[in-house]
Amino acid sequence: MKKTTKLAIGILIGIGLLAIGLIFLNNYLEKRIKTGIEDNLKKAQVSFEKVDVKLLDRKAEIINPFAEIKGKALQVDTIKLNDIHLWDYITRKDVVVGELRISKPVVKFYNFKEESQDSSKIDKSEKSSRFKNKILIKKVKVQKGSFEIFEKDSNSHRLFAAINAIKMEQVRINAQTLKETIPFNYDLILLNADSLFYDLNEQHELAVGDLEIDNNKVTIADLKIIPKYSKQEFQKTISKEKDRYELSIDTILLSDLNWSVQNDSLRFENPYTEINRADFRIYRDKLQPDDNSFKPMYSEMIRKMPILIQFDSIRVLNSFLKYEEKIHEDREYGMVEFSDLNMGIKNFTNIDLDREDFPKTRVVSNSNFMKGAPLHVDWEFDVSDRSNQFQISGDMGRLSAAQMNAFFKAGMNIEASGEILKMYFNFYGNGNKAQGEMRLEYKDFKVEVLRKDGKRKNKIISGLANLIVRNKAINKEANYKEISYTRDTTKSFWNYVWNLIKNGALKSFL
């Protein structure tokens, strides 16, 4: 036999033996990887229908995994791992995967029992100490799923979100990340969800039409706070005064939202926030018993928020605000409204309250008051100041008495005629007392005091009132620098400001 023939036969035999060896090695590694995945799933108390590993294609698939622990459940159609890096697993037991695909995950939370802080730390420490390997997933794709939170022992949702897609890149899990609240790191995230629903309380629910997160840019479309009851039915659900809200917002944009955990508190930071086309309607039935609980100032509310927040600039654009009060059973609601509302808020923060250069929060708004008068308001306060000092100033243009009667008739039992030509105010104070000045110009202003039915005029009292109402106020005479008011701490900040303005108006009129 020729040498070339012998060499060819030897090569063929070698190739055959190598192929057989690779087949045995492939089968061995497939079984090893499959067994490793199955063992880890069982240790994590995850049931599954099937685990399939194709080593030559560097793929693995888990069919119908399901896990339930401490009231939390996860069900998935399929989990696919593509482009598994075998050498990293063989040599270092590290898991490096090119792509992880999760199809139709359903995440459910059934209760809200929290473990104590100490046990939580122990669990994290134990997990991280046992975890010696590293996991790197270069791309994660989640397709069509839902996230659901249920009321305890109930089938009704507290929260529901339909997830269209989630994409993440460079997801890393190691002993260090397992010690953190979020047990993994990532470089990029894209998320799109719709049909988001949240049960706020017994009277209101929140809905979002679309939520999109593009790395740190967040866009929310068609956000609504929806009352569960009509104005009449709402009163049957409360035992004392409480506001009924209706809110719709076309879009909310957060330009660069970053979040973290600091001392067990969530921390949110964003340089620019835009709220476009908000329509906010508030209704209160004053016939209900008073809510005599303490009402904190806005600076105190922000200071004591359960989360840490730093929003550098917030813009509210093209918006509308309406407040209605039911004061008498048989009359129309008292009402004030602000249309074409545009507002800027600077330094909305409660982070590092003790620093010397803590910035003041400033709110500047421009609107059309009662569809008639341009209104400008400039309001400033210091969240870090425990005395809750503030300053608020503003000016309003021409407004007819007929437009003011929407509130005068129901709230003060009077009907006015004439017009306000110009109003300016500047008040400053703290959580207990405020003072300041107000200037009011008006023309041909007359009042008619109504009888108890709110319809017929009380001619005698009306005549006496008009005898002491000046026909026209002059700037110098109407400039009062000793307007003051001691706050009723069971009332809101806006009741505080309203009483200051009312005191100034009375001094101007009389």
Could you rank the peptides 494-507, 354-367 by their average count of other C-beta atoms within 10 Å per residue, with the highest value first?
494-507, 354-367
What is region 231-348 by shape, rounded, prolate or oblate, if you read a ≥ b ≥ c off the alpha carbon gyration tensor as root eigenvalues and call it rounded for a/c under 1.5, prolate for a/b larger than b/c, and oblate otherwise?
oblate
When a/c reaches 1.5 or more, the comparison of a/b and b/c decides; with that in mind, is region 368-410 rounded, prolate or oblate per its Cα gyration tensor?
prolate
To the nearest 20 Debye, how big is the dipole of region 208-350 about its Cα centre, given +1 on the beta carbon of each Lys and Arg and -1 on that of each Asp and Glu?
380 debye
Hey, if you put +1 on the Cβ of every Lys and Arg and -1 on every Asp and Glu Cβ in region 256-322, which of LEU317, PHE268, GLN288 ends up farthest toward the positive end of that dipole?
GLN288
Size of electric dipole in region 268-341: Cβ of Lys, Arg +1 and of Asp, Glu -1, about Cα centre, debye, nearest 20:
200 debye
Using 0.36 nm times the number of residues separating ASP264 and GLU202, minus their current alpha carbon distance, what extension gain do you get?
19.5 nm
Between LEU196 and residues 5 or more places away or on another chain, the pairs with built amide H atoms under 5 Å apart involve ALA162, VAL208
Spin-label model distance (nm) - LYS371 vs ARG315, 7 Å beyond Cα toward Cβ:
2.9 nm
Set the Förster distance to 45 Å, then compute FRET efficiency between GLU233 and ARG172 from the Cβ-Cβ distance, nearest 0.05.
0.30
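Laboratory data are not the source of any read-out in this text; all were calculated from the coordinates shown. The structure displayed is predicted, hence computed values, not measured ones. Quick reminder, even Gly has a Cβ in these numbers, built from the backbone with ideal geometry, and neighbours come from all protein chains shown.
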